[in-house]
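Written below as structure tokens is the structure these notes are about.
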Amino acid sequence: MSVIKSILVPVDFSEISANSYRYALRLADKVSASVHLLHCLPSIPTIAGYGYSAYDALPQEHQRAEQQISTFVAAGKLAVSSEVNRMPEVDTSITAFGLGKGIADYVGAEEIDLIVMGTKGARDGWDRFFGTNSAFMVGQVRQPLLVLPARAEFRPIKSVCFATNLRESDIAGAERLGGMLSAFKPRIDFLHVHLPDSKQTDESITTFRKAFERPRNGVGGTFKIVEQPAATTGIFAYLENLPHDLLVMVKSDREWWERLLYHSDTKKSAMMTSLPLLIFREETEEF
């Protein structure tokens, strides 16, 4: 059973990352987890043939970052002090290996259960989130990734929309989600957008319906189907008519996910929506 015991928040000291940190503190309080803050300085210089230089070219930047992250930690705790029952433990770290490698190295060395990142679209420092950085992290890092829109505020997770293309990896994702959210015991709506060119049979849909609606760790689910010409159209139309606290997707290397994530309309919708988006890496093994 997957549970959240440690949450990583990459921070650049902007209001976007400050909001992600405050969200993580509130979430950590509810699930009894610790919070890890990671600040990634620009990649250190390299020397041809020697890889990363051992020479620290950024001593002043590192010292400044240490002061900033100390102030950042205190400000976040103060902001949520009246809203949490137990202030989560907060660890901090600074790396000079850049965002992608810095996060990969950190989660490789620490037991991280969830990565939380904020975005406000192309105007923000995370404007490439749905590009190379995201592709690297979701494709190479096992941990689930929670994307928070700029103004997302934490609230107990009572309703979840889990978008599924009826794959075995989605069933595995449902198993993980049931464990992660067991403290909230939300209602989970497993949503399948039936496309005109879909090859799913009634028999296979019935099989998946039974699998999705099976209770997991006290968390029940319902299976719903909408008919739309595009997955994104169906998902966001459904969410507009029936608001939820969280949207969940399982990242796949197959064409459905590629259309879903990299289509320009979807990219814009995902970045502009006020709904937090939880992304699992495709897995098929038991959790």
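The values are calculated or read from the model by the stated rules, or taken from the named source; none is laboratory data. Predicted model only: the values in this text are computed from it and were never measured. Note: ideal-geometry Cβ built from the backbone for every residue, glycine included; neighbour counts use all protein chains shown.
Number of residues in segment 88-146 that are at pLDDT 55 or above, more than 13 Å from the chain's Cα centre (by Cα) and acidic (Asp, Glu) equals 5. I'd like to check something: does segment 38-61 contain any residue that is under 30 Å from ALA183 (Cβ atoms), modelled with pLDDT of 90 or more and part of a strand (DSSP E or B)? Yes, because at least one residue in segment 38-61 is under 30 Å from ALA183 (Cβ atoms), modelled with pLDDT of 90 or more and part of a strand (DSSP E or B).
Being exposed (fewer than 14 other Cβ atoms within 10 Å of the Cβ) and polar (S, T, N, Q) is the filter here; which residues of segment 82-123 pass it? Residues satisfying the conditions are SER82, ASN85. Entry remark, segment 5-37: residues being in contact with a Phe, Trp or Tyr (Cβ under 9 Å, 6 or more places away or on another chain), assigned to a helix (DSSP H, G or I) and of a type in the set (D, E, K, R) number 3 in total. Look at SER70 and say whether it is in a loop (DSSP other than H, G, I, E, B) and either more than 22 Å from the chain's Cα centre (by Cα) or not assigned by TED's automatic domain parsing to the domain that holds PHE13 (or both). In short, no. At least 2 residues being loosely packed, with under 12 Cβ neighbours inside 10 Å, outside the structural domain of GLU175 (by TED's automatic domain parsing) and at pLDDT 75 or above is the threshold, and among the helices (runs of 4 or more DSSP H) wholly inside segment 196-287 not one reaches it.
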